[in-house]
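Only one structure is covered here, and it is reproduced in the block below.
The values are calculated or read from the model by the stated rules, or taken from the named source; none is laboratory data. Just so you know, these numbers come straight off a predicted model, no measurement behind them. All Cβ positions, even for glycine, are placed from backbone atoms using ideal geometry, and neighbour counts span all protein chains on display. Please note that ligands, DNA and RNA were not included when accessible areas were found on the heavy atoms of the full protein model with its side chains. Shrake-Rupley method; radii C 1.70, N 1.55, O 1.52, S 1.80 Å.
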Amino acid sequence: MPLRTRLTRLFVGILSEICVTVGAVLLLFVAYVLMWTGVKADGAVGDQLDRLEKRWSQPSPPGAGPSPPSARPEAAANPSATAPAPSAGPYEHGEPFAVMRIPRFGDGWEWPVLQGASPDVLKKGLGHYPSTARPGERGNVAVAGHRRTYGDPFREFPELRAGDAVLLDDGTTRYTYRVVARPYRTVPSDVGVVEPVPRPLRTGAAPFDGPGRYLTLTTCDPEWGSSHRLIAWARLEAKAPVGDGGPQAVHS
């Protein structure tokens, strides 16, 4: 066999091995992104919900009243439970403080909300921008979440519509926010969307013209990229003590 032919076959063989190796690595990476991050997220989210459940089920200090119910929806529905006065202390970075439910995303959709919006926090649940308001407060409560990977919490984000409810439960009070418009697409540098009165780059995109009690949800766009952000705004409609009667209307 001529030397040139042998060299050609050797080159083709080496190139084939490289292609197979690269393909295997890519498949493993895809499996990691699609499956393993989801498995890790399921465990992390469950841990955070359990932490909230234990914290909220602890006996209250003297004079604070009975302890609030569990973070789980079946426990939160207990009509005999009442809630103690909320803590005035600051949220700690990486610590869960509330549970979010969005009926549009399904009956079983519930995610812990943790303080901070850094990558390590978003692997365990939804992240609360530290500079924004707390649930129920006057101002803008801003919460971020992955659209893909780590459990895909906001995978169905584009399906949000005006009138959809977003429920935030902090163990003492359940806040009902109501989405005011379909998701808005912008760039990551558009930080005005999480200001106390949301003001995006595109004039008139946010339907708020003055102070109020707002909620901003953010996630990446496109679905498997991060060149843009999807934003959904909501306004506080009602609040109610956990497990105690019906909601109370809120006026901005």
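Couple of notes before you dig in:
- The mean sequence separation of alpha-carbon pairs under 8 Å and at least six residues apart, normalised by the residue count of segment 106-251, gives a relative contact order of 22 percent.
- Loop-located trypsin sites (Lys or Arg not before Pro) in segment 82-165 whose Cβ has at most 14 other Cβ within 10 Å (DSSP): Arg138, Arg161
- Its residues counted as N, segment 157-233 yields a C-alpha radius of gyration over 2.2 N^0.38 Å of 1.12.
- The residues of segment 91-163 expose, per residue, 39 Å² of accessible area to a 1.4 Å probe.
- Pair Thr21, Arg235: separation of 7 Å Cα→Cβ label points (nm): 6.1 nm
- Measuring nothing but protein heavy atoms, the accessible surface of segment 95-248 at 1.4 Å probe radius is 48 percent carbon and sulfur.
- Rounded, prolate or oblate (a/c below 1.5 giving rounded, otherwise prolate when a/b exceeds b/c) for segment 94-137 by Cα gyration tensor: oblate
- Eligible aspartates and glutamates near Lys124 by straight Cα distance, threshold 15 Å, same-chain separation 8 or greater: Asp42, Asp47, Asp50, Glu92, Glu95, Glu110, Asp152
- Three-way shape call for segment 92-218 based on the alpha-carbon gyration tensor, with the a/c threshold at 1.5: rounded
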